[in-house]
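K.L.:
For reference, the structure I am asking about is given below.
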Amino acid sequence: NAVIARTVSNQLRNEDVTRKMSQIAGIGGIFFFFSSTCPYCHLEGPILKRFEERYGIKVIAISLDGGGLPEYPNPIIDQGAGRALQIESTPTLFFGKPPKELIRMANGFLSEKEIEDRLLSITEEKIK
C-alpha cells in the first residue's frame, strides 16, 4: 500500500509540475549564459534542451566567448550583458519575464529537478 500511495503521490506531483511549467512558459523564459569551452555548460545544454522540449519554456542561449554548444549551435553572442549582469562563472541562468524583469536562478550547473524547483520558487506568486 505504501508503494501505491507513493506512486500516486509522485504522479500527482508530476502533473502539478507540468501544469505549472506550462503557466511559466506563458510568462517568461530562461536566459542561459555559457562558454563553449566550459565542461559544465556542455552538461547543462542537453538538460535545458530537454526542459525546453518537455515544458515549452523558451531557452535563450547566450555565448560569452562566441562559440556554440551541440544543443545551441547558433547562440546569441554576448554584447556586454554578461558584464552588466556581473556574470563571473558559467553556466549562469536567469529567468526573464518581459519586458524587463530578470531573476538570477543560478551560477553553476543545475539538474533538471533543480531547474524545476528554482522556477517554481521564483514564480510561485505569479502562478497557482
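The values are calculated or read from the model by the stated rules, or taken from the named source; none is laboratory data. None of these values were measured; they are calculated from a predicted model. Note that we place each Cβ from the backbone using ideal geometry, even for glycine, and neighbour counts take in every protein chain shown. In case anyone asks, the SASA skips ligands and DNA or RNA and just uses the protein heavy atoms, side chains included. Shrake-Rupley method; radii C 1.70, N 1.55, O 1.52, S 1.80 Å.
K.L.:
Find, among the trypsin sites (Lys or Arg not before Pro) in region 79-110, those assigned to loop by DSSP (not H, G, I, E, B) with at most 10 other beta-carbon atoms within 10 angstrom.
P.N.:
Numbers: sites: 83, 100, 104; in loops: 100.
Answer by residue number: 100.
K.L.:
Testing the spin-label approximation: label points 7 Å from Cα along Cα→Cβ at residue 121 and residue 97. State their distance in nm.
P.N.:
1.7
K.L.:
Tell me which of 22, 73, 91 sits at the most positive position along the dipole axis of the chain, charges placed on C-beta atoms (Lys, Arg +1; Asp, Glu -1).
P.N.:
So the residue we want is 22.
K.L.:
Right, another one. In the chain, carbon and sulfur make up what percent of the accessible area (probe 1.4 Å)?
P.N.:
The value for the chain is 52 percent carbon and sulfur by accessible area.
K.L.:
In debye, nearest 20, what is the charge dipole magnitude of the chain about its Cα centre with +1 on Lys and Arg Cβ and -1 on Asp and Glu Cβ, if you could check?
P.N.:
My answer is approximately 360 debye.
K.L.:
Could I ask something else about it? Are there GluC sites (Glu not before Pro) in region 81-127 that DSSP marks as loop and that have at most 12 other Cβ atoms within 10 Å, and which are they?
P.N.:
The qualifying sites are 88, 124, 125.
K.L.:
Just grab the label-to-label distance for residue 27 and residue 85, each label 7 Å out from Cα along the Cβ direction, in nm (one decimal).
P.N.:
It works out to 1.9 nm between the two label points.
K.L.:
Between 0 and 90 degrees, rounded to the nearest ten: what's the tilt of helix 2-25 against the longest Cα principal axis of the chain?
P.N.:
On a 0 to 90 degree scale, this one is about 40.
K.L.:
Something else about it: May I ask you to list the chymotrypsin sites (Phe, Trp or Tyr not before Pro) in region 17-59 that are in a DSSP loop and have at most 11 other Cβ atoms within 10 Å of their Cβ?
P.N.:
Passing sites in region 17-59 do not exist.
K.L.:
So what are the radius of gyration and Dmax for the Cα set of region 22-128, in Å?
P.N.:
12.9, 39
K.L.:
Now, a different point. How far apart, in nm, are two points set 7 Å out from the Cα along the Cα-to-Cβ line at residue 112 and at residue 58?
P.N.:
Label at residue 112, label at residue 58, 2.3 nm between them.
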